[in-house]
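Undergrad: Mind having a look at this structure? Questions to follow.
The values are calculated or read from the model by the stated rules, or taken from the named source; none is laboratory data. Worth saying up front: this structure is predicted, and the values here are computed from it rather than measured. Positions of Cβ are backbone-derived with ideal geometry, glycine not excepted, and every protein chain shown enters the neighbour counts.
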Amino acid sequence: MKLKLFALFMVMGLALSACGAGSAEPASGGEGGGTVVLILPEEPTTLNYFLADAAIVRQVADATSMTGLVTIDETGNFVPVLAEGLPTISDDYLTVTWKLMAGLKWSDGEALTSDDVRFTIEVLSNPNSGAVVGVSGFDLIADVETPDDLTTVITYSEPYPGYLDQFAYGLFPRHATGAPEDMANWEWNRAPVSAGPFIVSNWESGKRITLTRNPNYYEEGKPYFDEAVFEIVPEPAAQTAMMKNGEAQFHLWPGEFKADYDELLKGTAQQYLLPGIWNMALDFNLSAPFDGDPSADAPHPILGDIRVRQAIAHAIDYETLQKDVLQGSVSDSTNPFAYGWYQCDLPRKYGFDVEAANKLLDEAGWVMGDDGIRVAKGAMYAKDGTRLSLELQGYTAFDPLQSTEEFIVENLKAVGIEARIQNYDFSIIFGTYEENSPRMVGDYDMLIFDRGFTTEPQSYNFDAYHSSRIPSAENPTGGNYFRWVNADVDKALETAGSSFDIETRKAAYCEVGQAVLDDLPQVYLYLFQDNYGVADKLEGYTLNTWGSMSWGIQDWKFKE
């Protein structure tokens, strides 16, 4: 049976067209040349998408290592890239057949074949590979056959509706990487042999990553630029100055609001906004921190009582945060499923209500102290006299996040909760279990950051919410860092990951979303519009909600 179920992965109501100046068609042939400069606020630790769930990795990796069999285009649909077309799937949904385009080469000139697809499966299905994202469903692959260099036949042990998404984020060359279980240590992670438009020619740590044209790129005459240079510039004012002075042409996440940015850079560049996938949430650790036990066995002494979490949710003035603090640059969000075909329109259960927050804290055994901060007196898990003080962790170099944190601190203080801001680099917040990242080993109170996922949500959400995915030494890549255990959520996620009926899947995801509202492992705050600053002289780009700043970079060039 041909791929009749492709419609399952279409975005309903979030189709985007090419934006503004980016709608121009690129010139034919090899016209162009020159260097395009892109601004990053922080340096990625790797270009291997599967080793890091930080968005900063994708900004560079989309231009080189993240070239897969398919990609998600600006309308939210899967379209073929290295595959000659979308795969066929059998009537029982168990066998998927992919066909590569003929004549493909890796950037070092070696042939790209079905054996590399097989090798990619070997790596991502290996539990010791170190992969922390993008591995959902690989454990369901029962058999792989490669009858010729272009054909890969994959048999699943049970139907898996995310089969397209599995191959959207890059392939690994068997000849230029290493053992699957040693993926975290591959040299390839920072200097990938890839099938993308560019290859890494120089990486000056803390300064810049320079990419040069891939001589074996499969689209003849592309990319148009000779070089793409990613400048690492942490200071927002310096970023804007580079754009104003014409030293850079693409600016990731400008700190200024659109009107201010456009006025400041008038005649040089402008800021574009588009529907985003970046959903800001305040996350709670439900287990005891700093006890040497990363499991969910021991409750957090403060946050283990749901009444405290409910009070925190009630204390936040969402409307003022969205409209005044962030000047309307965001929209309201109440749950993980805020966009796409799986969008769940669920009302906020614990809205802004200071009186309700105070009542809950009183009932939970937290009495107001002389300095305006509550202390435990008959609390469920905390010893009497314990101060109601929590650390709020976020990441650095992003002004909207800092403003959000400061606003929440004031909101919580008004009901007697002390929140102490502690921001870290991406590499710490999004670090691994082996690196003792606080969220992975369970040594934190509250986290705040924005997260997003693609038109196929199963991989991210299973990893984030299923109780089998709590991080531990035995399960170091698990993503359920809330330490949340809910049997109904587990069942709903298993249903969503095995059904091919779109309405069944959406209902299951909305059940998960409602459970988030009920149990409060996290509180959703708002949904970002994505924003990029783009030089007026640049053309050929397409802004893609589902991509990154460098998505489609092979089509960019300067105006004549």
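Undergrad: Can you spot a residue in region 88-99 that is in contact (Cβ under 8 Å) with a residue 60 or more places away in the chain and either touching an Asp or Glu at 6+ places or on another chain (Cβ under 6 Å) or under 29 Å from Tyr433 (Cα atoms) (or both)? Steps first, please.
TA: Step one: list which residues in region 88-99 are in contact (Cβ under 8 Å) with a residue 60 or more places away in the chain, which gives 88-96, 98.
Add one more test, that the residue is either touching an Asp or Glu at 6+ places or on another chain (Cβ under 6 Å) or under 29 Å from Tyr433 (Cα atoms) (or both), and what stays is none.
No, region 88-99 has no match at all.
Undergrad: Scan region 204-246 for residues that are under 18 Å from Gly32 (Cα atoms), among the charged types (D, E, K, R) and touching a strand residue (DSSP E or B) at 6+ places or on another chain (Cβ under 9 Å) and jot them down.
TA: Those that are under 18 Å from Gly32 (Cα atoms), among the charged types (D, E, K, R) and touching a strand residue (DSSP E or B) at 6+ places or on another chain (Cβ under 9 Å): Arg213, Lys222, Asp226, Glu227.
Undergrad: A further question on this structure: Those residues that are without any contact (Cβ under 8 Å) to a residue 60 or more places away in the chain, of a type in the set (D, E, K, R) and surrounded by fewer than 16 Cβ atoms within 10 Å (Cβ to Cβ), I need them from region 236-261; list them, please. Before the answer, list the steps.
TA: Of the residues in region 236-261, the ones without any contact (Cβ under 8 Å) to a residue 60 or more places away in the chain are 237-238, 241, 244-245, 256, 259-260.
Among the residues that remain, those that are also of a type in the set (D, E, K, R) are: 244, 256, 260.
Within region 236-261, just Asp260 meets the criteria.
Undergrad: Which of the residues that make up region 158-179 are more than 14 Å from Gly68 (Cα to Cα) and touching a residue at least 60 places away in the same chain (Cβ under 8 Å)?
TA: First pass over region 158-179, keeping only residues more than 14 Å from Gly68 (Cα to Cα): 158-162, 174-179.
The answer is Glu158, Pro159, Tyr160, Pro161, Gly162, His175, Ala176.
Undergrad: Report yes if Val200 is modelled with pLDDT of 95 or more, closer than 27 Å to Phe558 by Cα, crowded, with 17+ Cβ neighbours inside 10 Å and out of contact with any Pro (no Cβ under 6 Å at 6 or more places or on another chain), otherwise no.
TA: On the way: modelled with pLDDT of 95 or more: yes; closer than 27 Å to Phe558 by Cα: yes; crowded, with 17+ Cβ neighbours inside 10 Å: yes; out of contact with any Pro (no Cβ under 6 Å at 6 or more places or on another chain): yes.
Spelling it out, Val200 is indeed modelled with pLDDT of 95 or more, closer than 27 Å to Phe558 by Cα, crowded, with 17+ Cβ neighbours inside 10 Å and out of contact with any Pro (no Cβ under 6 Å at 6 or more places or on another chain).
Undergrad: Checking the condition crowded, with 21+ Cβ neighbours inside 10 Å, in contact (Cβ under 8 Å) with a residue 40 or more places away in the chain and of a type in the set (A, V, I, L, M), which residue from Ala492, Ala464, Ala508 passes?
TA: Details: Ala492 fails: in contact (Cβ under 8 Å) with a residue 40 or more places away in the chain; Ala508 fails: in contact (Cβ under 8 Å) with a residue 40 or more places away in the chain.
Just one listed residue meets the conditions, Ala464.
Undergrad: Among the residues of region 258-311, how many are among the basic types (Lys, Arg) and not in a helix (DSSP H, G or I)?
TA: In the first step, residues of region 258-311 are kept if they are among the basic types (Lys, Arg); the result is 258, 266, 307, 309.
From what is left, the residues that are not in a helix (DSSP H, G or I) are 266.
Adding up the residues that qualify gives 1.
Undergrad: Somewhere in region 292-300, is a residue at pLDDT 95 or above, polar (S, T, N, Q) and under 24 Å from the mean Cα position of the chain (by Cα)?
TA: no
Undergrad: Would you be able to tell me the number of residues in region 13-38 that are at pLDDT below 50 and assigned to a loop (DSSP other than H, G, I, E, B)?
TA: Here is the first cut: in region 13-38, the residues at pLDDT below 50 are 13-30.
Filter once more, keeping what is assigned to a loop (DSSP other than H, G, I, E, B): 13-19, 24-30.
So the count comes out to 14.
Undergrad: Next up: Which strands (runs of 3 or more DSSP E) does region 39-138 wholly contain that include 2 or more residues that are buried (at least 20 other Cβ atoms within 10 Å of the Cβ)?
TA: Working: elements: 70-72, 78-80, 95-99.
Once the strands (runs of 3 or more DSSP E) in region 39-138 are filtered for at least 2 residues that are buried (at least 20 other Cβ atoms within 10 Å of the Cβ), what remains is 70-72, 95-99.
Yes/no matrix, rows are residues, columns are (1) within 29 Å of Ser459 (Cβ to Cβ); (2) among the aliphatic types (A, V, I, L, M):
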residue	(1), (2)
Ile306	yes, yes
Thr320	no, no
Asp324	no, no
Gly328	no, no
Leu346	yes, yes
Lys349	yes, no
Asp353	no, no
Ala356	no, yes
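Undergrad: Continuing with the same structure: Which one is nearest to the chain's Cα centre (by Cα), of the residues in region 312-336 that are part of a loop (DSSP other than H, G, I, E, B) and farther than 30 Å from Ala496 by Cα?
TA: Of the residues in region 312-336, the ones part of a loop (DSSP other than H, G, I, E, B) are 316-317, 326-329, 333-336.
Then drop every residue that is not farther than 30 Å from Ala496 by Cα, which leaves 316-317, 326-329.
Details: Ile316: 25, Asp317: 26, Leu326: 21, Gln327: 24, Gly328: 23, Ser329: 20 Å.
Restricting to residues being part of a loop (DSSP other than H, G, I, E, B) and farther than 30 Å from Ala496 by Cα, the top hit is Ser329.
Undergrad: Across region 381-409, what is the total count of residues that are surrounded by 16 or more Cβ atoms within 10 Å (Cβ to Cβ) and in contact with a helix residue (DSSP H, G or I) (Cβ under 7 Å, 6 or more places away or on another chain)?
TA: 6
Undergrad: From the residues in region 139-162 that are in a loop (DSSP other than H, G, I, E, B), out of contact with any Phe, Trp or Tyr (no Cβ under 6 Å at 6 or more places or on another chain) and not polar (S, T, N, Q), which one is farthest from Gly103 (Cα to Cα)?
TA: If we filter region 139-162 for residues that are in a loop (DSSP other than H, G, I, E, B), which is where we start, we get 149-150, 157-162.
Still in the list and also out of contact with any Phe, Trp or Tyr (no Cβ under 6 Å at 6 or more places or on another chain): 149-150, 157-158, 160, 162.
Add one more test, that the residue is not polar (S, T, N, Q), and what stays is 149-150, 158, 160, 162.
Values: Asp149: 10, Leu150: 9, Glu158: 33, Tyr160: 30, Gly162: 28 Å.
Across region 139-162, the extreme among qualifying residues is Glu158.
Undergrad: Which of the residues spanning region 384-408 are within 21 Å of the chain's Cα centre (by Cα) and in a loop (DSSP other than H, G, I, E, B)?
TA: Thr396, Ala397, Phe398
Undergrad: So, in region 172-182, exactly how many residues are in contact with a Phe, Trp or Tyr (Cβ under 8 Å, 6 or more places away or on another chain) and part of a loop (DSSP other than H, G, I, E, B)?
TA: Adding up the residues that qualify gives 4.
Undergrad: Just one of Phe225, Phe230 is modelled with pLDDT of 95 or more, outside any helix (DSSP H, G or I) and within 25 Å of the chain's Cα centre (by Cα); which is it?
TA: Values: Phe225 fails: within 25 Å of the chain's Cα centre (by Cα).
After ruling out the rest, the residue left standing is Phe230.
Undergrad: A further question follows. Can you tell me which condition Pro299 does not meet? The list is (1) buried (at least 22 other Cβ atoms within 10 Å of the Cβ); (2) touching a Ser or Thr at 6+ places or on another chain (Cβ under 8 Å); (3) under 21 Å from Trp366 (Cβ atoms), and all the others hold.
TA: Among (1) buried (at least 22 other Cβ atoms within 10 Å of the Cβ); (2) touching a Ser or Thr at 6+ places or on another chain (Cβ under 8 Å); (3) under 21 Å from Trp366 (Cβ atoms), the lone unmet condition for Pro299 is (1).
Undergrad: Among the residues of region 444-500, write down those that are in contact with a Ser or Thr (Cβ under 8 Å, 6 or more places away or on another chain), farther than 18 Å from Asp139 by Cα and hydroxyl-bearing (Ser, Thr, Tyr).
TA: Hit for region 444-500 is Ser472, nothing else.
Undergrad: Take Tyr339 and tell me if it is aromatic (Phe, Trp, Tyr), under 23 Å from the mean Cα position of the chain (by Cα) and in a loop (DSSP other than H, G, I, E, B).
TA: Numbers: aromatic (Phe, Trp, Tyr): yes; under 23 Å from the mean Cα position of the chain (by Cα): yes; in a loop (DSSP other than H, G, I, E, B): yes.
So Tyr339 passes the test.
Undergrad: Could you figure out which of (1) buried (at least 16 other Cβ atoms within 10 Å of the Cβ); (2) more than 24 Å from the chain's Cα centre (by Cα) isn't true of Gly351?
TA: Only one criterion in (1) buried (at least 16 other Cβ atoms within 10 Å of the Cβ); (2) more than 24 Å from the chain's Cα centre (by Cα) is unmet by Gly351, namely (1).
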